[in-house]
Each structure stands twice: as structure tokens, then as C-alpha cells.
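The structure appears below as C-alpha cells.
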Amino acid sequence: MSRLDTLAAGVRAGALANPLTKAHAPVLPSLGLAGGVYVALSVNL
Amino acid sequence: MNGTPVWLCSISRRAPGGRTLPTPLWSPSVMAESVALLRRVVGPAGNPARERVFRMQVTLCLHRALTDAEIAGLPDWFHEADPTDLAGGPVEILEETEPGAESTKPCHDPERVPLPGARGPLLWFPADCGRCPPCEARAAIMDRRRDARA
């Protein structure tokens, strides 16, 4: 499993435990990637 | 997504030199690669049969509905908390597996609010016009919430 996939799995688990409640702001935690690509993930309503 | 909590995954890109690369300047291949990356990051989570891909001027975003098991595992406060905000409309919906409510649709004539510190005509946030059906739908939601608190 690549580093990205491992990192994403951890972020998914964290996001379920700590969802960002009903907000639309850019979310954390961020998955910074190489090459100027930025990804963020959360659970929202 | 029609009342179901969603995974929200967003991607932004910078051009060489560090400047933000607005989504209208992404090539079709970069756009496709970005959608694939969003799905890769969300991975096995959620229900892929219930998705929406939409863009803002800086970010490309994926909504994927949570599964029933995931919803059951969310902390109680998520279900009990009052809404803190209502997301504005997207700039463009690129694909969706189920029609979203009117309130999820782009404003027909948004004010283009420049992003703080941004330079360039493509770096803006859409502010609702307040007159088109999607804006009226979002306003109606806000009115109902305000009335419920009164």
C-alpha cells in the first residue's frame, strides 16, 4: 500500500471519530501531496 | 446528500512557482486525474453509488454519502448539534449519481467575490444572488433554521 493510501486510511478513521459538524470551510486534516497538490477530507452534513 | 452525511474530499493544485491554479485552467486529463485521486483518498469509505463531484474556482470536490454503518458510528454530538453554517452553492456540478436538492445547485448569477489575497480574474467565491431558485432554496433553509431557534 502506498504512503498516500496508508495516510488516507488514517485520515478516514480520524474523520469518522471527529467529523466536522455541518460546516463548509476548508477542512482538516489535510493530506499534503507532492507536486503542489493538496487534498483534504472530512465528514460533513 | 439529501439529508445523509457525506464524506467531503477536496483537491486544489498549484502551478509551478506556487500560485494557485484555478479549476477552469485544469486540463481534461488533470481534471480526470483529480477526480480519481479524490475517489482514491475516500477509498472504501461511504457509498460510491451516491456521489456528487463539483467544483469551486480553487477546489474540486467530491461528496460521497456515508453508509448506514458509518452513520451509526458517528459521535452523538454530530447528530444532536445545531447546524453551524450552510454551504453555499458550487460553481459547477460535474457529475452526480442522484439529483441533489435545489439548494445544492449553483447560483444562476453569482457575485464573484475575490478570494482574500488572490490575484487573477478566476480566483473568486460565488456569493448567492438571492433571486434564482437555488438561492431561494438556500435562503428558505436559513429562514427555517432561524424560525426554529426563535
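If we scan segment B:88-95, do we find a residue that is at pLDDT below 95 and either over 14 Å from the mean Cα position of the chain (by Cα) or basic (Lys, Arg) (or both)? Within segment B:88-95 (the criterion being at pLDDT below 95 and either over 14 Å from the mean Cα position of the chain (by Cα) or basic (Lys, Arg) (or both)), the answer is no, since none of the residues qualifies. Counting only strands (runs of 3 or more DSSP E) wholly contained in segment B:55-150, the ones carrying 1 or more residues that are more than 14 Å from every other protein chain (Cβ to nearest Cβ) and among the aliphatic types (A, V, I, L, M) occupy B:92-96, B:111-114. Selection of segment B:11-54 for residues being facing chain A (nearest Cβ under 10 Å) and in a strand (DSSP E or B) yields B:ILE11, B:SER12, B:ARG13, B:ARG14, B:THR20. Give the residues of segment B:37-57 that are under 17 Å from the mean Cα position of the chain (by Cα) and among the small types (Gly, Ala, Ser), sorted by residue number. Hit for segment B:37-57 is B:GLY46, nothing else. Residue under question is B:PRO16, and the condition is that it be modelled with pLDDT of 95 or more and either of a type in the set (Asp, Glu) or surrounded by fewer than 14 Cβ atoms within 10 Å (Cβ to Cβ) (or both); does it hold? So B:PRO16 does not fit the description; no.
The values are calculated or read from the model by the stated rules, or taken from the named source; none is laboratory data. Because the structure is a prediction, the values reported are computed rather than measured. Note that we place each Cβ from the backbone using ideal geometry, even for glycine, and neighbour counts take in every protein chain shown.
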